[in-house]
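The values are calculated or read from the model by the stated rules, or taken from the named source; none is laboratory data. Owing to the predicted nature of the structure, the values given are computational and were not obtained by experimental measurement. All Cβ positions, glycine included, derive from the backbone under ideal geometry; neighbour counts span all protein chains shown.
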Amino acid sequence: MKDKIQQQIQTAQREHQQGNLVKANELFKLAEETLNSASEPSVNLQQRLHIVSALSQINLQMQQYKPALSYLSLLMTLQPTNSQLLQQIIQVASHLKDWPLLCENYLKFIDAHIEAKQSIASDHYFNLGYYYKQAGNYVDAIAQFELAIRHNINQAEEVYLNLAVIYSEKLRQEEQAKQALHKALQLNSRFTPALYNLATLYEEEGNKTKAMELYRQTLQYEPHNYNALARIADLYNFTDVNDPVFKQILSALSHANLALEDKINLNYALGKAFDDCQDYKQASYYYAKANEHNTSLLAPYQPQALEAHINENISLFSKQWFEQLEPISTAEPIFICGMFRSGSTLVEQILASHSKITAGGEITYFPDLVNTKLLHYPSQCSDIEIARFKQYAQDYLTLLSTTFPGYDLVTDKRPDNFLYLGLIKTLFPNAKIIHTQRQEMDNCLSVYFLRLADSLNYATKLSNIMHYYQQQQRLVNHFKSLFPDTIYSIDYDNLVVNPEQNIQSLLSFIGLGWEDGCMNFNHLNNKVKTASVWKVRQPIFQKSSGRWLNYKNYLK
C-alpha cells in the first residue's frame with residue numbers, strides 16, 4: 001500500500017511540475033483517498049504531509065481559495081507549531097474573510113506552543129484577539145487582548161485602545177471603554193488615539209465641555225490631527241469669521257501636500273462654520289468641495305442597480321409571500337427606519353424618555369445578517385427553510401435580551417433597515433415599524449452637509465441623494481400597503497411644530513400611554529451615537545425645517 005501511494009504521489013508530482021494543475025489536483029486527491037482507505041492511514045505521516053501540502057499549494061495556484069484553506073487547516077493539525085503555515089492561513093482566510101476558521105487555526109498554533117512548553121510572543125495573543133474581533137467573538141477577543149497585556153506586550157496602550165473600541169462600539173459598555181482608555185493614558189499620557197476616542201465617548205454622553213477639552217488636547221499633542229479639529233468645529237458655535245478656530249481651519253486647509261482625507265474633513269468643517277455664520281454662499285462652496293473630494297474616494301453610485309434591487313424586493317415580498325408564509329415569531333420588536341437625517345434619532349430619544357422603552361441605537365443585526373449569510377438578498381430568501389428563519393428571529397431576540405437585559409421594549413434605530421423590511425416582516429410579522437420622513441430638500445441637503453460612511457456612496461451628490469430618497473419612499477410605500485396597521489410614518493417637520501400631538505399618536509401606535517417625560521427627552525442621560533448628537537440634546541426646535549431655502553440660489 002505504501003509503495004502504491006508513493007507511485008501515485010510521484011505521478012501527481014510530474015503533472016504538477018508540467019503545469020497540469022487540474023490533473024495534478026485529481027491525482028493527489030486520489031493518493032489521499034488511497035491513504036485514507038489504508039488499514040493504518042496515519043502510519044506514514046510524511047506521505048500525508050506531502051499530499052496535503054501539495055493539494056493546498058495547487059489549489060492556491062488555481063485560485064481555489066476555499067479548498068486551499070481546508071487543506072492548510074488540515075496541515076495545521078499535523079504541524080501546529082509551523083509559523084510559516086500560520087502566515088499562509090492568515091493570508092488566505094483574511095482574503096475569504098473566514099475569521100472563525102482563522103481563529104481556530106491560530107488557537108491551535110498558540111495551544112501547541114503552550115503544550116510543548118515553548119515560548120510564545122505576546123503579539124500572538126494580540127493578533128488572535130484582533131481576529132476574534134473580526135469574527136464578532138468579542139468575549140474571546142477581550143480575553144486574548146488581556147492575555148497580551150499580562151504577557152507584557154510592548155505598547156500596551158494600543159491593546160487598551162482595542163479593548164475600548166469593543167466595549168464601546170460592540171458591547172455598549174461605555175464605562176468599561178472609558179476605563180480602558182484611562183489605562184492607556186496612564187501608560188502614555190500623549191497617546192492621541194486614546195484621547196480622541198475618550199473625547200468621542202464624552203461627546204456621545206452629552207459632556208460637551210469635557211469632549212472639547214480632550215479634542216483640544218489631542219490637537220495640542222498632534223497638531224496635524226485634523227479629525228480632532230473637525231470635531232471641535234462640529235461642537236463649536238461659530239458667530240464670526242474672525243474666530244480663532246475659524247482661522248485655524250482655514251490655515252490647516254492652506255497647507256501644501258494636505259492628505260485627501262484631511263481636505264475632506266476640513267472642507268466639511270468650513271462648510272459648517274460658514275453655515276453657523278449664515279454665509280450660505282461660502283458654506284455651499286466648501287460643502288461642494290468636501291463632497292467633490294469625498295466622491296473621488298467612493299465607488300460610483302449606480303441608480304439603476306438600486307432601482308433593480310428595490311424592484312426585486314417589491315416583487316419577492318408580495319402579498320402572496322406573506323399570506324403563504326408559515327408563522328415565524330409573534331414577537332413585536334420596534335424598528336425606526338427611513339432616510340439618514342430624517343429625524344430617526346429624535347424619535348428614538350423621545351420614545352426612550354418613556355419609562356417602558358430603552359434606546360437600542362443602531363443595531364447592526366440585519367445588515368450583518370445580509371452581508372454574511374444572505375449575500376444574494378432578497379432572492380436568496382425564497383430558498384430558505386422555515387427553521388433557518390426561526391433561528392434568525394431567535395438570534396435577534398437573544399441579542400436584544402443579552403445586550404439590554406431587563407428591558408421589554410427596545411428600539412432598533414438603524415435608518416437603512418428600510419432595505420430589510422421584507423426580511424424583518426418575514427421574521428416578525430407583528431413588528432412595529434416607525435418610518436421617519438422629512439421634507440425632501442431639507443432631508444437631502446442635511447445628508448449632503450455631512451460626511452457619512454463610505455458605504456453610503458449616494459451621499460455626495462444632491463441628484464443621487466434625491467434619487468435614493470425617492471427609491472426609499474417607493475419601497476416603504478410598498479410595505480405600508482401590505483402592513484398598514486404596523487408601519488407608522490412620522491413627519492419630522494410636523495413633529496417639531498406639533499410635538500405633543502405627534503408624540504401621543506406615536507405612543508398610541510406602540511400601545512403605550514402618555515408620559516410627560518417624553519416632552520423632556522433632551523434631559524435623557526444616555527449615549528447617542530449619531531451625527532445629530534447635539535441637536536437631540538436640545539429641546540424640540542424648528543430651525544432645521546426649511547433650511548434648504550437658505551441654499552436655493554447656490555444649489556446645482
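Conditions tested, residue by residue: (1) more than 18 Å from Ile232 (Cβ to Cβ); (2) acidic (Asp, Glu).
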| position | (1), (2) |
| --- | --- |
| Glu261 | no, yes |
| Gly271 | no, no |
| Phe274 | no, no |
| Cys277 | no, no |
| Asn294 | yes, no |
| Leu298 | yes, no |
| Asn313 | yes, no |
| Glu326 | yes, yes |
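Taking (1) over 29 Å from Arg474 (Cα atoms); (2) in contact (Cβ under 8 Å) with a residue 60 or more places away in the chain in turn, Met339 satisfies each apart from (1).
If the condition is being in contact (Cβ under 8 Å) with a residue 60 or more places away in the chain and over 13 Å from Phe322 (Cβ atoms), then the stretch 476-486 contributes only Val476. Summed over the stretch 350-397, residues that are closer than 13 Å to Lys413 by Cα and of a type in the set (Val, Ile, Thr) total 5.
Do we have Ile249 as over 17 Å from Tyr448 (Cβ atoms) and either surrounded by 20 or more Cβ atoms within 10 Å (Cβ to Cβ) or of a type outside the set (A, V, I, L, M) (or both) here? Yes. None of Asn257, Asn242, Asn225 is surrounded by 14 or more Cβ atoms within 10 Å (Cβ to Cβ) and either within 28 Å of Asn553 (Cα to Cα) or of a type in the set (S, T, N, Q) (or both) except Asn225. Among residues of the stretch 170-191 being within 24 Å of the chain's Cα centre (by Cα) and free of Cβ contacts under 8 Å to residues at least 24 places away in the same chain, the one that is nearest to Phe126 (Cα to Cα) is Ala180.
Taking the conditions (1) at pLDDT 95 or above; (2) surrounded by fewer than 16 Cβ atoms within 10 Å (Cβ to Cβ) in turn, Gln18 satisfies each one other than (1). Scanning the stretch 112-153 for residues that are in contact with a Pro (Cβ under 8 Å, 6 or more places away or on another chain), part of a helix (DSSP H, G or I) and modelled with pLDDT under 95 yields a single hit, Ala135. Of the residues Ile363, Ile328, the single one that is within 19 Å of the chain's Cα centre (by Cα), surrounded by 15 or more Cβ atoms within 10 Å (Cβ to Cβ) and more than 30 Å from Leu260 (Cα to Cα) is Ile363. Please work out if Pro327 is assigned by TED's automatic domain parsing to the domain that holds Cys444, closer than 23 Å to Asn477 by Cβ and in contact (Cβ under 8 Å) with a residue 40 or more places away in the chain. So Pro327 fails the test.
Looking at the structure I just gave you, is Lys281 farther than 19 Å from Leu235 by Cβ and either surrounded by fewer than 14 Cβ atoms within 10 Å (Cβ to Cβ) or among the polar types (S, T, N, Q) (or both)? Yes; evaluated as a whole, the condition is true for this residue. Meeting the requirement of 2 or more residues that are more than 14 Å from Ala177 (Cβ to Cβ) and among the polar types (S, T, N, Q), the helices (runs of 4 or more DSSP H) wholly within the stretch 191-237 are 208-221. What about Tyr458, is it part of a helix (DSSP H, G or I) and among the aromatic types (Phe, Trp, Tyr)? Taking the combined requirement at face value, the residue does not satisfy it. If you go through the stretch 224-249 and keep only what is within 29 Å of the chain's Cα centre (by Cα) and of a type outside the set (S, T, N, Q), you end up with His224, Tyr226, Ala228, Leu229, Ala230, Arg231, Ile232, Ala233, Asp234, Leu235, Tyr236.
Which of the residues belonging to the stretch 176-199 are surrounded by fewer than 20 Cβ atoms within 10 Å (Cβ to Cβ) and within 20 Å of Glu362 (Cβ to Cβ)? Matches in the stretch 176-199: Gln176 only. Ala305 - would you say it is of a type outside the set (Asp, Glu), within 30 Å of Glu213 (Cα to Cα) and part of a helix (DSSP H, G or I)? Answer is no for this residue.
Filtering the stretch 1-20 to residues that are part of a loop (DSSP other than H, G, I, E, B) and touching a residue at least 12 places away in the same chain (Cβ under 8 Å) leaves only Met1. Scanning the stretch 21-62 for residues that are among the β-branched types (Val, Ile, Thr) and in a helix (DSSP H, G or I), we see that the one that is modelled with the lowest pLDDT is Thr34. Within the stretch 58-84, the residues that satisfy the criterion of being closer than 29 Å to Asp111 by Cβ, exposed (fewer than 15 other Cβ atoms within 10 Å of the Cβ) and touching a helix residue (DSSP H, G or I) at 6+ places or on another chain (Cβ under 8 Å) are Lys66, Thr77, Leu78, Ser83.
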